[in-house]
Amino acid sequence: MNSGEVKQRLSELLTQKRVEHSKRVAECAVKLAKIYNCDEKKAYIAGMVHDAAKCLNLEQVYEYVDKYEIYLDPIEDGNRALSHSVVGASIVRYEFGIEDEDIINSVKYHTTGRAEMSLLEKIIYLADLLEDGRVIPHIEELRELAYSGQLDKAMIESFNQTLTFVIANDNLIHPRSVEARNYLLREIDK
Ligand SMILES: [Fe+2]
Ligand SMILES: [Fe+2]
């Protein structure tokens, strides 16, 4: 698919509101890519497609799971807030024809993160939170860190906030988020 076709398909898969969010994530990702010397084109594409599976209902999720033999772990299974990133990665690969593994992984890990995230994965993870339309507590502190060259500190701070929120709401913690945070804490300590 060329970029026009990807945009067309996204407008079929997503609500208008979600398309607008995706555009803002793409723009924020480019801004971060400039700061951290990452490929701006990849950042834009990954930002645009990161939520490709966000508007699927549970029935559609399982259609994709069957079709592309997607493995959802017990925490992702039945949880659309988590599974949309894993399912989205397969949509991006098989339906949009995107072959770049870094872009695919940026989609796959944009909700939980993981240990040893690539630069692009971190940028998409943060751009999803920092895009201009977001209203979340302490966002200015996060923006300040992310836009002042402190990428890993911004990541740790965002995991701290997300995990605190998950605990406060009695939700399950995905181990990948814990691994991501532990990894970054050790890295920053070096
Ligand atoms: Fe998402
Ligand atoms: Fe998103």
Exercise. Restricting attention to region 63-78, report how many residues are surrounded by fewer than 14 Cβ atoms within 10 Å (Cβ to Cβ) and among the β-branched types (Val, Ile, Thr).
Key: 0
Practice problem: Hey, can you tell me all the residues within region 60-81 that are at pLDDT 95 or above and not in a loop (DSSP other than H, G, I, E, B)? | Solution: 60, 61, 62, 63, 64, 65, 66, 67
Quiz prompt | Candidate set: region 85-124, residues that are under 10 Å from the mean Cα position of the chain (by Cα) and among the basic types (Lys, Arg); chosen: the one surrounded by the fewest Cβ atoms within 10 Å (Cβ to Cβ) | solution = 108
Quiz item: Got a sec? Which of 81, 127, 154 is buried (at least 16 other Cβ atoms within 10 Å of the Cβ), of a type in the set (A, V, I, L, M, F, W, C) and within 16 Å of ligand 2 (Cβ to nearest atom)?
Solution: 127
Exercise. Take the residues in region 130-151 that are among the small types (Gly, Ala, Ser) and within 16 Å of ligand 2 (Cβ to nearest atom), then tell me which one is nearest to residue 47 (Cα to Cα).
Key: 133
Self-check item: Neighbours by Cβ (under 6 Å, 6+ apart or cross-chain): first from region 47-72, in contact (Cβ under 8 Å) with a residue 40 or more places away in the chain; second loosely packed, with under 14 Cβ neighbours inside 10 Å and part of a loop (DSSP other than H, G, I, E, B)
Solution: 55/15
Quiz item: Only one of (1) modelled with pLDDT under 95; (2) part of a helix (DSSP H, G or I) fails for residue 12. Which number is that?
Solution: (1)
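The values are calculated or read from the model by the stated rules, or taken from the named source; none is laboratory data. Predicted, not measured: the structure shown is a model, and the values here were computed from it. Note that each Cβ is placed from the backbone with ideal geometry, even for glycine, and that neighbours are counted across all protein chains shown.
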